[in-house]
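Heads up, the thing below is written out as structure tokens.
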Amino acid sequence: MGVTTFTQEYSSSVAPSRLFKALIIDSRNLLPKLLPQFVKDVNVIQGDGEAGSIEQVNFNEASPFKYLKHRIDVLDKDNLVCKYTMIEGDPLGDKLESIGYEVKFEATSDGGCLCKMTSNYKTIGEFEVKEEEVKEGKESTIAIYRVVESYLLENPQVYA
């Protein structure tokens, strides 16, 4: 069993608190609304949505996956940090035990934010995760961020 870590960043002109609320706090409502072709629904299946809770994301037929489950490990609303772990679901396949994520939203001098994302892939056995193998997942994450950012720019009163 090994752990492979990847990082990526996303710059936005939207304030960090708004992106955090949209992408982290209210994602279970917002993502099915903005991406109905992919996300069927997001449900809290254990807990109250805070740290320790488990969420299940169910995907529509257009997605290559049926579902996944995340455990929320840290939800720091003051510092705009969320840590969560994918503990079950199709994206893990038979080579990954889990994927741990840390997402931080930092203010930039222009009123926008820099979103810093770290992913830790915990493998089963001697399997090694290569960057090209996670490229599609990283690109889909950025695509989701762009959709949410566009929605927030078009609706400046939302999550203000």
Inset, instruction - Could you name every one of the strands (runs of 3 or more DSSP E) located completely within segment 58-160 that has at least 1 residues being more than 24 Å from Gly47 (Cβ to Cβ) and at pLDDT below 95? - result: 113-123
Inset, instruction - Quickly run through segment 98-145 and pick out the residues that are aliphatic (A, V, I, L, M) and either within 14 Å of Ala15 (Cβ to Cβ) or in contact (Cβ under 8 Å) with a residue 40 or more places away in the chain (or both). - result: Val103, Ala107, Leu114, Met117, Ile124, Val129, Val134, Ile142, Ile144
Legend entry - Those residues of segment 22-38 which are out of contact with any strand residue (DSSP E or B) (no Cβ under 6 Å at 6 or more places or on another chain), free of Cβ contacts under 8 Å to residues at least 24 places away in the same chain and open to solvent by less than 30 Å² (accessible area, probe 1.4 Å), in sequence order: Ser27
Legend entry - Pick from segment 58-67, criterion touching a residue at least 24 places away in the same chain (Cβ under 8 Å) and not small (Gly, Ala, Ser), ranking: most open to solvent (accessible area, probe 1.4 Å): Lys66
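The values are calculated or read from the model by the stated rules, or taken from the named source; none is laboratory data. Keep in mind the model is a prediction, meaning the values are calculated, not measured. Please note: Cβ atoms are built from the backbone with ideal geometry, for glycine as well, and neighbour counts cover all protein chains shown. Surface areas here come from the heavy atoms of the whole protein model, side chains and all, with no ligands, DNA or RNA. Shrake-Rupley method; radii C 1.70, N 1.55, O 1.52, S 1.80 Å.
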